[in-house]
1. Given the condition assigned to a loop (DSSP other than H, G, I, E, B), in the same structural domain as T521 (by TED's automatic domain parsing) and not acidic (D, E), answer yes or no: does some residue in region 566-578 qualify?
2. Scanning region 509-526 for residues that are touching a residue at least 60 places away in the same chain (Cβ under 8 Å) and out of contact with any helix residue (DSSP H, G or I) (no Cβ under 9 Å at 6 or more places or on another chain), which turns out farthest from L461 (Cα to Cα)?
3. For residues that are outside any loop (DSSP other than H, G, I, E, B) and free of Cβ contacts under 8 Å to residues at least 24 places away in the same chain, scanning just region 638-665, find the one that is surrounded by the fewest Cβ atoms within 10 Å (Cβ to Cβ).
4. What residue, of E286, E317, is among the charged types (D, E, K, R), farther than 21 Å from S251 by Cα and surrounded by 15 or more Cβ atoms within 10 Å (Cβ to Cβ)?
5. State which residue is surrounded by the most Cβ atoms within 10 Å (Cβ to Cβ) when the search covers only region 335-354 and only residues that are closer than 23 Å to F243 by Cα and either at pLDDT below 80 or touching a helix residue (DSSP H, G or I) at 6+ places or on another chain (Cβ under 9 Å) (or both).
6. Here are the criteria: (1) touching a residue at least 24 places away in the same chain (Cβ under 8 Å); (2) assigned to a helix (DSSP H, G or I). Tell me which single one L489 does not satisfy.
7. Just for strands (runs of 3 or more DSSP E) wholly inside region 119-193: which have at least 3 residues that are touching a Lys or Arg at 6+ places or on another chain (Cβ under 8 Å)?
8. Given the structure, is R591 modelled with pLDDT of 85 or more, of a type in the set (D, E, K, R) and assigned by TED's automatic domain parsing to the domain that holds L487?
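The values are calculated or read from the model by the stated rules, or taken from the named source; none is laboratory data. This structure is a prediction, so every number in the text was calculated from the model and none was measured. We place every Cβ from the backbone using ideal geometry, glycine too, and count neighbours over all the protein chains shown.
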Amino acid sequence: MNKTLIELFGLDPEKFNEVNLTLATKDLTSTWVFLLFVFPLAAWFFWTSLKRIHLPLRKTFIITLRIFSLLMVIFIFLQPELEFKKKHTLKNRIAVLVDETKSMSIKVFPSEQSRIDFVRRAFEKNQDALESLTNIFQLDYYLISDQIESISSIGLDGRLSPKKINTDFEAVFSDLKKQYDDKSLQGVMLFSDGADLTVKPETISSELLTILASWNSPIHSFQAGSNHMFKDLAIEEIDSAGFGFIHQPISLTVTIGASNMGNRNIPLVLKDGDKILLSRLVEVREGESSYPVKIEFTPSVLGKHIYSLSVPLFAGESVAINNRKDFQMKVIRDRIRVLHLNGRPSWDSRFLREVLANHPKIDLLSFFILRTLDDDVASPTSELSLIPFPTNLLFSDYLNSFDLILFQNFSYKPFIDKGYLTNIKNFVENGGAFVMIGGKLSFQGGGYAQTDIEEILPVNLGGSLQSFENESFNLELERNLSRHPILQLEKESVANSSAWENLPKLNGLNVGLKPRKNSNTLASFTRGSNKYPLIVTGLFGQGRSLILATDSLWNWNFRQVGEGGSGRYYHRFWNNLINWLIDEPQTRLLRLETHKEHYEEGEEVLLRVSVLKSNYDPYPGAQVRLTLKARSGDTKLKTISTNENGEASHRFTPEEGFYTIKAETDSGKLKLEEKTGFSVFSETAEFQKPRVNETLLRRIAEITGGNYEVLTNKTDLSKANFENPKVETKTSSKHIPLWNNWWIYGLILIFLSLDWFTRRKSGLS
């Protein structure tokens, strides 16, 4: 009967095997109202309208028609429909998890099989066992790392190629639990080495414990690989801040991992490029696997550095890549250390000292050498040193701890031996900065002619003894050097020119100074046919020097404020001057940068270059040679040319590693060189801690009521037992309404038409 109805309605008997009559309407209240009130009324109407029909046959015919019509209306009101059903059974599920992270590629000694090979062979040799499970359960296959990826059992063997970065069991089991929230999961088969870097070795996180404690089915863990005879020496971790301060000790904690290395002393070597910074012996003993080592070094060069820590590679090690670990560190200034020596107190020295002392990034060490009855007492007694001048400490022991040395109206002869001037010269040549500020005791008046100090100055002193003149004057800027960073009091050129023109006059200048050939005279004073340099900059070795041939710059602060203005230009000038002297990146003629410091493997690196002329105008058409330095050696990238704005860029895609890139060019007669660093990561973190985490895999099985087993060539997967509770049923159905059809309404219309026709034949309306 069911099959006949199914075929009658044009349905496939293979898809449906059961038929039921149901009512579409859920609320029958209206139906009862209809039956209790409408039906009696209709019956009364039918009966009264039939009194005048005397032929029994006609009366019976009309009653029949009306009864059928009423039944049809009730049929429509109830909304009956046929429900065709198909009942089928569902299998309980088992999740099969296979670790596909990079640590699974590590070979197991002495078989020389990788950990993933043990998993692959387990599947190959247990095909019958897996098919038996498939007959009872539905097996869902997943590849796991820090997430889960569903795959078919057919494609499993072809996908077993470890390539993911790291394992995170907390994320895996959390996602798996959500995946089977409304499904019957009866167990899990886990194939992994347990190398979860989110937890410490031989531990399990509280979060993972919480997830596993609420797990309702067993997790059988199958360990791929073993620590037995696993030989490895590794730099596991480097705990560093990522930056350090120049001339300040930097402390690192390095964790060395050792497995089956016996008892021996291991040399740990720290390098900056090819330069060895330190070497330390680490005592390794059998039975211990982790060795934290604290090391300390002091950087002497600013900028980005790529350091490397390494231990030797011994024969028989399972992993070679983890014997060296590179890390990047940015060496910066924590503070700008300034040594200020002043021959006698003055308004100029007082205002300068105030600027330096209140600068948030400057550590100031200031000495007033001399005080006489005739001295200006603008500086309070608290600022005057009464201790012996520490010559040896300043110019020998701690000289290289300073960034900038300032001589202001200071004669060295009574206090500093001439030999110490050589130390100052070497200090500048190796990257330090030196400033001499004008006054009667500066330049020739301080006895600096034909000394090592004169060599580092951007001017020649000459032989004149009278070197200082009292005269009021306006400072004049050199037009061709208007872009120099020291002269930028305002960002816009028009506003900047206006700011310089409105500065108060100065009073007093040193004369007889002649700028050197490669120096830059930023400002001067013209009197008649004579031109006297006032602000001159120069380079000496790797360092920078500057002279201010006046002691009256304080007017830019005091008098400006006194006239209702602001002393901000005085402060800004000194800030610009210090930035240029200490060689801040924004003051360099050649600038080199990458748009990021860290890249992923395969990501394109964008290199930007900017070249300025010696007068700080853009340098169009400058030829910039780029050299890329990696662990494997130097690589000539290419030579690029700057555009009309003095800018150029280069894109390239390097492989994994740490890189230093060098740019070289000629700006006029200056040979410029700039370096920067970046890193490209292809994550190999799992190789830093390659040991199998037996504890973690064992605990996962124990907590969930599963079994723990180390995979071998004899592993039998059929021993993994799972409960198989009562089979759940799921019903697929299709509803076909019986009332909502044209023929139902057609029959009602026919019955009513016949009723009307019969009544007309009987003489009724």
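1. yes
2. Narrowing region 509-526 to residues touching a residue at least 60 places away in the same chain (Cβ under 8 Å): 509-510, 512-513, 518-520.
So of that shortlist, the ones also out of contact with any helix residue (DSSP H, G or I) (no Cβ under 9 Å at 6 or more places or on another chain) come out as 509, 518-519.
Working: L509: 14, N518: 16, S519: 14 Å.
If we take residues in region 509-526 being touching a residue at least 60 places away in the same chain (Cβ under 8 Å) and out of contact with any helix residue (DSSP H, G or I) (no Cβ under 9 Å at 6 or more places or on another chain), then N518 is farthest from L461 (Cα to Cα).
3. Filtering region 638-665 for residues that are outside any loop (DSSP other than H, G, I, E, B) and free of Cβ contacts under 8 Å to residues at least 24 places away in the same chain, the one surrounded by the fewest Cβ atoms within 10 Å (Cβ to Cβ) comes out as K638.
4. Every option except E317 fails the conditions.
5. Going through region 335-354, the residues closer than 23 Å to F243 by Cα turn out to be 335-338.
Of the ones still in play, those that are also either at pLDDT below 80 or touching a helix residue (DSSP H, G or I) at 6+ places or on another chain (Cβ under 9 Å) (or both) are 336-338.
Values: I336: 20, R337: 19, V338: 23.
Once the filter is applied, the top-ranked residue is V338.
6. Checking L489 against (1) touching a residue at least 24 places away in the same chain (Cβ under 8 Å); (2) assigned to a helix (DSSP H, G or I), the one that fails is (2).
7. Answer list for region 119-193: 138-144.
8. No, not satisfied.
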